[in-house]
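First the structure, in the form of structure tokens, and then the observations on it.
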Amino acid sequence: MGCKSSRQVAESVVHTETLPEVEATHQDSTFAIYQRTPCFGMCPYFNLTIYESGYAVYEGKNFVDLIGFYHARFDKSSLQKIKETAESIQYFSLDEKYDNPNVTDLPTTTTGIMIEGVLKTVAARYKAPKALESVYQVLDELIEDAKWTQKTDFKY
């Protein structure tokens, strides 16, 4: 699970207008999370949260094409693809953590997926199952293909 450079995002998909109609509501539950932490090299460093409505918030921190806060909307078929991929690798039977504290300079990739009201998270830093890469691939493709809008007034 070493560092990989992020895929190129076409400048044409980055918008700067505000879209208040796509804001997540207080009733909107988390559907998926995807986070990559830094390493001593050029590892992508970002957070992505996708809500059940399809609203998504992305925070690019370092070594990614989009730095800062962005938001987008994913359709139901995109959410279904995440769910089907997770089910195909038996995501809910995976350990919550794959790590070895004696091994240094590896980034952690954390995913979380909500299925039937249960949010399962998996933090993978060392010797994680290869099957997890299929979940990462789906999420990476969603990030790459989304029409992100920069959100300059974002607050947690």
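What follows draws every value from the coordinates through simple rules; no lab data is involved. Remember, it's a predicted structure, so these values are computed and weren't measured experimentally. Cβ: placed from backbone, ideal geometry, glycine included. Neighbour counts: every protein chain shown.
Please tell me if ALA131 is farther than 17 Å from LYS81 by Cβ and touching a residue at least 40 places away in the same chain (Cβ under 8 Å). Break it down stepwise before answering.
On the way: farther than 17 Å from LYS81 by Cβ: no; touching a residue at least 40 places away in the same chain (Cβ under 8 Å): yes.
So ALA131 does not fit the description; no.
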For the range 31-55, the count of residues that are surrounded by fewer than 18 Cβ atoms within 10 Å (Cβ to Cβ) and under 12 Å from MET114 (Cα atoms) equals 2
By residue number, the members of the range 53-72 that are touching a residue at least 60 places away in the same chain (Cβ under 8 Å), under 17 Å from VAL138 (Cβ atoms) and not hydroxyl-bearing (Ser, Thr, Tyr) are ALA56, ALA72
State all residues of the range 100-135 that are in a helix (DSSP H, G or I) and surrounded by 18 or more Cβ atoms within 10 Å (Cβ to Cβ); if no residue qualifies, say none.
LEU132, VAL135
Conditions first: (1) of a type outside the set (D, E, K, R); (2) touching a strand residue (DSSP E or B) at 6+ places or on another chain (Cβ under 9 Å); (3) over 18 Å from ALA32 (Cα atoms). VAL103 passes all but one, so which condition is the exception?
(2)
